[in-house]
1. Looking at L155, L177, which one is under 15 Å from A89 (Cα atoms), out of contact with any strand residue (DSSP E or B) (no Cβ under 9 Å at 6 or more places or on another chain), without any contact (Cβ under 8 Å) to a residue 60 or more places away in the chain and open to solvent by less than 70 Å² (accessible area, probe 1.4 Å)?
2. Whether any residue in the range 1-13 is assigned to a helix (DSSP H, G or I), crowded, with 19+ Cβ neighbours inside 10 Å and modelled with pLDDT under 95 is what I want to check.
3. What are the residue pairs meeting all of these: first residue in the range 24-44, first residue more than 24 Å from L111 (Cα to Cα) and touching a residue at least 12 places away in the same chain (Cβ under 8 Å), second residue open to solvent by less than 40 Å² (accessible area, probe 1.4 Å) and assigned to a loop (DSSP other than H, G, I, E, B), Cβ atoms under 9 Å, and 6 or more apart or on different chains?
4. Being of a type in the set (G, A, S) and either under 18 Å from the mean Cα position of the chain (by Cα) or not in a helix (DSSP H, G or I) (or both) is the filter here, so list the residues in the range 25-36 that pass it.
5. What tally of residues in the range 37-86 results from selecting those that are over 24 Å from L134 (Cβ atoms), open to solvent by 20 Å² or more (accessible area, probe 1.4 Å), among the hydrophobic types (A, V, I, L, M, F, W, C) and not in a helix (DSSP H, G or I)?
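The values are calculated or read from the model by the stated rules, or taken from the named source; none is laboratory data. None of the values given here were measured: they were computed from a predicted structure. Note that each Cβ is placed from the backbone with ideal geometry, even for glycine, and that neighbours are counted across all protein chains shown. Please note that ligands, DNA and RNA were not included when accessible areas were found on the heavy atoms of the full protein model with its side chains. Shrake-Rupley method; radii C 1.70, N 1.55, O 1.52, S 1.80 Å.
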Amino acid sequence: MPRRYDPERRQRIVDAALRVVGRAGIAGLSHRTVAAEADVPLGSTTYHFASLDELLVAALRQAGEGFGAALRESAALAGPDADAAAELARLTGDWLAGERARVELEYELYLAALRRPALRPVAAEWGAQVGAVLAHRTDPATARALVALIDGICLQVLLTDAPYDEAYAREMIGRVLEGRD
């Protein structure tokens, strides 16, 4: 039987993994559940991803694209006279106000790196990419501090169900940018 050419299969498997984790958490992820979700043979998942960690790396890399892309595409953030604190606070609020399940999925995959060392480089990539976007506005150390602050604000909103407070975020981001205590 000739092998069917299916250049999109790998991507469909990653998309299916994201849906499975979004619905059932990382504990619900297996080659079998992903194969069923992607409507591909089980062997296809193990062909493209020998381990679940490899599949999770691909899923985390894809899931983590949202916020970084919003920062890179922000014309207001790129402008030299822009109020960077206000724009970062707005972008963070827009991201959190989007589909909550998507944001939770990103953080679930991101935090999975605590127990899955294979995910740590990808989690670090996300912080480095966001930091690189912010570094053109400030120095690298302040950019890393901004990443940590935004991460913390987002986690607090997600974990406490508290509403996102854009004014608070703008004030705290401004303090970091200005180097105030």
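1. L155
2. no
3. Note: pairs meeting the criteria are V40/D6; S44/D6.
4. Passing the criteria: G25, S30.
5. Count: 1.
Table: residues versus (1) assigned to a helix (DSSP H, G or I); (2) surrounded by 14 or more Cβ atoms within 10 Å (Cβ to Cβ); (3) of a type in the set (S, T, N, Q).
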position	(1), (2), (3)
Y107	yes, yes, no
L119	yes, yes, no
E125	yes, yes, no
T138	no, yes, yes
A141	yes, no, no
